[in-house]
Amino acid sequence: MKNPSEFLTFAIVIAKEAGKIQMEYFGKITAFKKKSTNIDLVTNADIESEKYIINQITRKYPNHSILAEESGDTFNESEYLWVIDPLDGTTNFTHNLPIFSVSIGLVKKKIGTVCAVVFNPSADKCFYAEYKKGSFLNNKPIKCTSNNTLSDSLLVTGFPYLHDIKYDLSFEIFKEFYDKTRGLRRLGSASLDLCFVAMGRFDGYYEFGLKPWDICAGSLIATEAGAKVTDWDNSKLPFDGSRIIATNGYIHSKMTDILSKEKYKKIFK
Ligand code: IPD
Ligand code: CA
Ligand code: CA
């Protein structure tokens, strides 16, 4: 990238250091705690990675605000907000599956996410983007696919930890897409799902019931690689992660036509 900002250079360094912390724990997890439900886990790697990232940010930008998964938020007067998922893909991590990342996004008031890094340390893949400057994977520009039919598309999705009525509907949606596409995958790391749309491994991704830290960085990386990223009814992407769809653009309305059907409307409530 030409002229990366000081923010991006800094975010890449700390994401890679946090990735080293993850790798020190990877394959050795014997204990974890449960959070919102029995299947929502947190390990020492999540905690240590987050501690490191927050320390670095507060040292360098003491007046910036921070929203981080494990320790909540610190709001200051600043126009900048760092949004952090210290380990995205904790279930994979605890099962020694190398699909997980560090996700760091920087949001600027009145603009949105301006800088993003998603680092997958087990594969040494560092995705990054800046607002209006494109998306990169290990210093090479990336672009999403140009497939324009659902029947030729490979999609990715995820399922929420909470098993309620919305969760049941998500399987109906899964079936509908499974019937209409080349297939659908569930990899277990929302930030990497978005990066894989950005680099063209998948043509589209959708999910609901996420949190800001799951999608903040990945959604900019996808957008800057040419993806369209919106709410399920094609309106503006909600910051809170309640619903997201990211596609190559060509299959976007074909997918939102399905996701915004009346019978799936409970997912909007
Ligand atoms: C989870 C992953 C997963 C998604 C979950 C997220 P975590 O994040 O991104 O792909 O389906 O809903 O909560 O808990 O591993 O940070
Ligand atoms: Ca996450
Ligand atoms: Ca996490």
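Quick notes on this one:
- For the range 92-102, the condition of being in contact with a Ser or Thr (Cβ under 6 Å, 6 or more places away or on another chain), assigned to a loop (DSSP other than H, G, I, E, B) and among the β-branched types (Val, Ile, Thr) holds for at least one residue.
- Just one of (1) within 12 Å of ligand 1 (Cβ to nearest atom); (2) assigned to a strand (DSSP E or B) fails for Tyr128. It is (1).
- Filtering the range 27-61 to residues that are at negative phi, assigned to a loop (DSSP other than H, G, I, E, B) and either over 20 Å from the mean Cα position of the chain (by Cα) or more than 16 Å from ligand 3 (Cβ to nearest atom) (or both) leaves Lys28, Ile29, Thr30, Ala31, Phe32, Thr37, Asn38, Tyr61.
- Checking each residue in the range 65-91 for being more than 10 Å from ligand 1 (Cβ to nearest atom) and either of a type in the set (S, T, N, Q) or not in a strand (DSSP E or B) (or both) picks out Ser65, Ser71, Thr74, Phe75, Asn76, Glu77, Ser78, Glu79.
- Qualifying residue in the range 88-111 (condition: without any contact (Cβ under 8 Å) to a residue 40 or more places away in the chain and within 15 Å of ligand 2 (Cβ to nearest atom)): no
- Within the range 207-223, residues that are in the same structural domain as Lys108 (by TED's automatic domain parsing) reach no partner that is within 11 Å of ligand 2 (Cβ to nearest atom) with beta carbons closer than 8 Å at six or more positions or on different chains.
- Hey, Lys143 more than 18 Å from the chain's Cα centre (by Cα) and more than 16 Å from ligand 2 (Cβ to nearest atom) or not: no
- Hits in the range 2-39 - residues which are surrounded by 15 or more Cβ atoms within 10 Å (Cβ to Cβ) and in contact with a Leu (Cβ under 8 Å, 6 or more places away or on another chain): Phe7, Ala11, Gln22, Phe32, Lys35
- Residue count for the range 27-82, restricted to those that are modelled with pLDDT of 95 or more, aromatic (Phe, Trp, Tyr) and within 20 Å of Phe239 (Cβ to Cβ): 2
- Residue check, Thr94 in the same structural domain as Gly19 (by TED's automatic domain parsing), more than 17 Å from Ile14 (Cα to Cα) and within 16 Å of ligand 1 (Cβ to nearest atom): yes
- Condition met for Phe177 (within 16 Å of ligand 2 (Cβ to nearest atom) and either over 28 Å from Gly72 (Cβ atoms) or assigned by TED's automatic domain parsing to the domain that holds Ile39 (or both)): no
- The sole residue among Gly183, Gly188 that is of a type in the set (Gly, Ala, Ser) and without any contact (Cβ under 8 Å) to a residue 60 or more places away in the chain is Gly183.
The values are calculated or read from the model by the stated rules, or taken from the named source; none is laboratory data. In this text the structure is predicted, and so the values were computed from the model without any measurement. All Cβ positions, even for glycine, are placed from backbone atoms using ideal geometry, and neighbour counts span all protein chains on display.
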